[in-house]
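**Student:** If you scroll down you'll find the structure; I have some questions about it.
All of the numbers you see were taken from the coordinates with simple rules; none came from a lab. Just so we're clear, the structure is a prediction, and the values are computed from it rather than from any experiment. Every residue, glycine as well, gets a Cβ built from its backbone with ideal geometry; the counts of neighbours run over all protein chains shown.
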Amino acid sequence: MGSAWTLKISDRVKIVSLEGNLPKVRAATWLLGRSGSVVWLPTRGSLVQVAVDADTDPGGRQASQWALHVSGLAVVLSARTQVGQQRPRVGDEVTVQTVFFSKTSIHPYARFLIGQRGHIVWAQNGSDVVLVQLETEIKTPGGYQSRWGLHVDDLQITRLIVDTRPEDVYGYGVGTTGTGSDLERHAITASPHSRVRAVCGAWVTPVMVGDWCPDWSALLSRACAICVQKTSGEPDPAE
């Protein structure tokens, strides 16, 4: 049985007992035997949030998330055991092995996705989800779809792009100062807020696409010369 302290987000679990849950949950006996993914863990207590794999429940509603007692959960697949430590990058070739860890709305397409090959076209620092361009389109109610947001633990990375450009520095985001012809791009390390201090020391505005900050590269146009020097590891000529 599970423990709230040993479970991880995205762990795959099977519901083997409803003991210890609220009466409403114990009455939902159709949950027994179902599998799902852990989507939330408490700082204290023994209830975890599980996204249950079911197209619909007996009431005809869409599959939902349930707060379940850890004593009734058995881990069937632990997250982050299928891929290496090197983070995925744009251009990596992948094979879809499972859809266990990806969002539940993707699970109905498992038999079409598993075994498909493709490559990563978008990856974000700190995110376990990447956008994969498949070689084959898959039919969905909205039409044929070839790009899918998949969890990295569902993918086998078959080739890692080797970066031969020392100017690219991973682990930094991009911030800007100025506008128009005065715009300058800087490297930032802090968590994005409305204003952060860049590597060069200037106060900058992070570049944000939704909740994603693009990677810094010394090859960016109008890149700050001081940020380029400091992130390249070269000695500061002023020192």
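**Student:** Which whole-number percentage describes the relative contact order of the range 93-159, with Cα contacts under 8 Å and a sequence gap of 6 or more?
**Tutor:** In percent, rounded to a whole number, it is 40.
**Student:** Convert 20 °C to kelvin, take the viscosity as 1.002 mPa s, use the Kirkwood radius over C-alpha pairs of the range 93-159 as Rh, and evaluate the Stokes-Einstein diffusion coefficient in µm²/s, rounded to a whole number.
**Tutor:** 182
**Student:** If you don't mind, there's one more thing I want to ask. Run the quick spin-label model on GLN49 and SER127: label points 7 Å from Cα toward the beta carbon, then report their separation in nm to one decimal.
**Tutor:** In this crude spin-label approximation the distance works out to 1.9 nm.
**Student:** Each label point is 7 Å from the Cα along the Cα-to-Cβ direction; what then is the distance between the points at ARG222 and ALA67, in nm?
**Tutor:** Each label point is offset 7 Å from its Cα along the Cβ direction, giving 4.9 nm.
**Student:** If you stretched the chain out fully between GLU19 and ARG111, how much longer would it get, using 0.36 nm times the residue separation minus the C-alpha to C-alpha distance?
**Tutor:** The span from GLU19 to ARG111 would gain 29.8 nm if fully extended.
**Student:** Given the Cα-Cα distance of VAL76 and TRP203 and 0.36 nm per residue of separation, how much length would full extension add, in nm?
**Tutor:** Separation in residues times 0.36 nm, less the Cα-Cα distance, equals 41.0 nm.
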